[in-house]
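Asker: Following this message is one structure expressed as structure tokens.
Nothing in this text is a laboratory measurement; each read-out follows from the coordinates by a stated rule. Nothing here was measured: the structure is a model prediction, and the numbers come from that model. Here the Cβ positions follow ideal geometry from the backbone for every residue, glycine too, while neighbour counts run over all protein chains shown.
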Amino acid sequence: MAAVMSKHSFLYELNAYAFVKRLSKQYQKRLSLMTIPPKEWKSITSSGFDYLWLMGVWKRSPEAHRCALEVPEWRRGYNEALPDWNEGDIAGSPYAVYEYTIDSFLGEDGNLLEFKAFLNKLGVKLILDFVPNHFALDHPGSRTNPEAFVQGTAEDFKKYPDLFFETHKSRFFAHGRDPYFPAWPDTVQVNYFSDSFRDRTMRLLCQLSQIADGIRCDMAMLGLSRVFQNTWGSFLKEKMPEKEYWLEVITAVKKKNPEFIFIAEAYWDLEWELQQLGFDYTYDKRLYDRLLHASPQDVATHLRADISYQRKSVRFIENHDETRAVTAFGKERSYAAAVVVNTVPGLSMCHDGQQEGRRIKLPVQMATEPGEESDRETQEFYEILLKYATAEPIKNSVWNLHEVTSAWEHNESFRNILAWSWTHKTKAKLIVINYSSANSQGKICLPDNWLANSPVNFEDKLNGEVYTWDPLELKAQGLYVKLAPWKSHFFELRIPENKTIKKKD
């Protein structure tokens, strides 16, 4: 792959409700977002993150809280996370929004704007949630603006009792849903084809663009016209609009605030389409799945995608929806996967607790975290990785995927090795990963303009070792590496000053 200019940014996801509760317990007094000591925020942001996604700040719903206590499947999740939980540990889902105002547990009106100003002074931008597909089932809009939601009949309710619910004046509304799963019983489904809904959300998003630097849009692909038509078409009166919902609202918001960031939670290989509609970033679930289930060569193939797509991809091995990384991957493999997602182009996401090696997934309805001891080895690994990955030249420079060849005849273990580099002026970082459970060897093909007449020093920032190679040998054979299972090299080296890679547009 040819060397190309790219940008790499870093995002930290933090469960706002659980964090405030955690810090209140730690300081033995009731805290809010604005009364948490600044040093706690600085502790998070000092690791090099560009964005803080404060997940779950909006007003919780009384009815969603009731549902959270009643749904058997959700209760099983609480039992797994916190066996001795009680009703006070359940806050209700942050994705069943009652109102887009800060929840009283977290603060009061005006606090989010204050918090944004505080973060911005630290050089960090604030990301908040936007849940376009549904509201809490008791959201006031179902009374004041019923045409903005998907409605059914008494017959629909009788035929599909898990899909519809009855409200005041014998109205029947649909629950929000992903067509591949049961409906979410704590929600009411919006009607993307409704002019009223589009107008109201456009105004809402313009307001949000003044109190945050960006939004993470929950299940964004459900708002695509054909997806919505396929899911709800038989219950709709409206025709499919000419313009896609996302194109319409993103264009309107960017007109008022061009720097506002739109991040899409997206699946079903619809990421590229959403990027074309204006999203700055889309989830890269495909890379997550390949890191968890596929071969190193499948990972390498994924990373050969067009750079314009990769630049807008959110890379992760953990978030509030997925199993904790150490549990899902195993400890050593999770380290290798973390190296991948933190050193390729795009937006790298780190989930609160990931750096400490937490193993227990917290259901989104829960506000109380289980007590877990931090894993010191995992903490030390992430300290090194983030220090390496969040500094130049990885932040904004030339990215190049390197070819790996066999170390000797009939040795196929080179297929387990992944390698890429970031280059800026006379500095280069070369990342090499054995993404397998076997000892592996290979030769990394290096650009000729990295090599002069003097020996080349490869300093590994992971272990402090320095490896010196003859440039003629490197040019003839490549850089020989051998790595134990799931191990990596974090190389730094100097490039001859008169032979730097030129930046490409």
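Asker: What's the Kirkwood radius of the stretch 396-499 in Å, using all Cα pairs?
Answerer: Values: mean 1/r = 0.0721 Å⁻¹.
For the stretch 396-499, inverting the mean 1/r across all distinct Cα pairs yields 13.9 Å.
Asker: In which sequence would 101, 144 go, from the one with the fewest C-beta neighbours within 10 Å to the one with the most? It would help to have the intermediate numbers written out before the result.
Answerer: Working: 101 13, 144 8.
So the residues, fewest neighbours to most, are 144, 101.
Asker: For the pair residue 35 and residue 242, how long in nm is the line joining their label points, each one 7 Å along Cα→Cβ?
Answerer: For the pair residue 35/residue 242, the computed spacing is 5.4 nm.
Asker: Sticking with this one: With each pseudo-label sitting 7 Å past Cα toward Cβ, what's the residue 457-residue 323 distance in nm, one decimal?
Answerer: 4.4 nm
Asker: I would also like to ask the following. Given the peptides 109-118, 208-217, arrange them by the average over their residues of other C-beta atoms within 10 Å, most packed first. The partial results should precede the final answer.
Answerer: Details: 109-118: 15.9, 208-217: 21.5.
Final packing ranking: 208-217, 109-118.
Asker: With labels modelled as points extended 7 Å from the Cα through the Cβ direction, what inter-label distance (nm, one decimal) is found for residue 75 paired with residue 147?
Answerer: 4.2 nm
Asker: Once the Cα gyration tensor of the chain is diagonalised, what are the square roots of 5 times its eigenvalues, in whole Å and ordered largest first, as equivalent ellipsoid semi-axes? Provide the component values of the computation, followed by the final result.
Answerer: Numbers: eigenvalues 386, 123, 95 Å².
They are 44, 25, 22 Å, listed from largest to smallest.
Asker: Take every Cα-Cα pair in the stretch 1-67 and report what % of them are more than 14 Å apart. List each step's numbers first, then the result.
Answerer: Numbers: 1543 of 2211 pairs.
Cα-Cα pairs of the stretch 1-67 separated by over 14 Å account for 70 percent.
Asker: With an 8 Å cut-off on Cα pairs and a minimum separation of 6 or more residues, tell me the relative contact order of the chain in percent.
Answerer: Details: 1014 pairs, mean separation 78.3, N = 505.
Reported as a whole number, the value is 16 percent.
Asker: Could you go through the stretch 103-111 in sequence order and give the Karplus-derived ³J(HN,Hα) for each residue, using 6.51 cos²θ - 1.76 cosθ + 1.60 with θ = phi - 60°, rounded to whole Hz, and x for Gly and Pro?
Answerer: 5, 4, 5, 9, x, 9, 3, x, 5
Asker: Continuing with the same structure: Quick check: net charge around residue 219, other residues with Cβ under 14 Å of its Cβ, Lys/Arg +1 and Asp/Glu -1?
Answerer: Working: positive: 177, 216, 285; negative: 129, 178, 218, 265, 271, 321.
Taking every other residue near residue 219 into account, the sum is -3.
Asker: Dividing the convex hull volume of the Cα atoms of the stretch 338-433 by its residue count, what figure in Å³ per residue is obtained?
Answerer: On the way: hull volume 13.8 nm³, N = 96.
Cα-based convex hull of the stretch 338-433, divided per residue, equals 144 Å³.
Asker: Another question, if that's okay. If I stretch the segment between residue 109 and residue 373 completely, what's the gain in nm (0.36 nm per residue apart, minus their alpha carbon distance), one decimal?
Answerer: On the way: separation 264, 0.36 × 264 = 95.04 nm, distance 3.51 nm.
Extra length from residue 109 to residue 373 when fully extended: 91.5 nm.
Asker: So if I average 1/r over every pair of distinct C-alpha atoms in the stretch 197-285 and take the inverse, what Kirkwood radius in Å does that give?
Answerer: 13.6 Å
Asker: Follow-up. Residue by residue through the stretch 85-92, what is 3J(HN,Hα) from phi via Karplus (6.51 cos²θ - 1.76 cosθ + 1.60, θ = phi - 60°)? Round to whole Hz and write x for glycine and proline.
Answerer: For the stretch 85-92, the Karplus-derived couplings read 5, 9, 4, x, 8, 10, 9, x Hz, x marking Gly and Pro.
Asker: Related question: Add -39500 (n - 2.57) for each DSSP H run of 4 or more in the chain, then divide by its residues: what number comes out at 222 nm, to the nearest 500 deg cm²/dmol? List each step's numbers first, then the result.
Answerer: Values: 18 runs with 162 residues, N = 505.
It lands at -9000 deg cm²/dmol.
Asker: Still on this structure, please answer the following. Pop out the ³J(HN,Hα) list for the stretch 422-431 in order, Karplus 6.51 cos²θ - 1.76 cosθ + 1.60 with θ = phi - 60°, rounded to Hz; leave Gly and Pro as x.
Answerer: Couplings: 10, 9, 8, 6, 9, 10, 9, 10, 10, 9 Hz.
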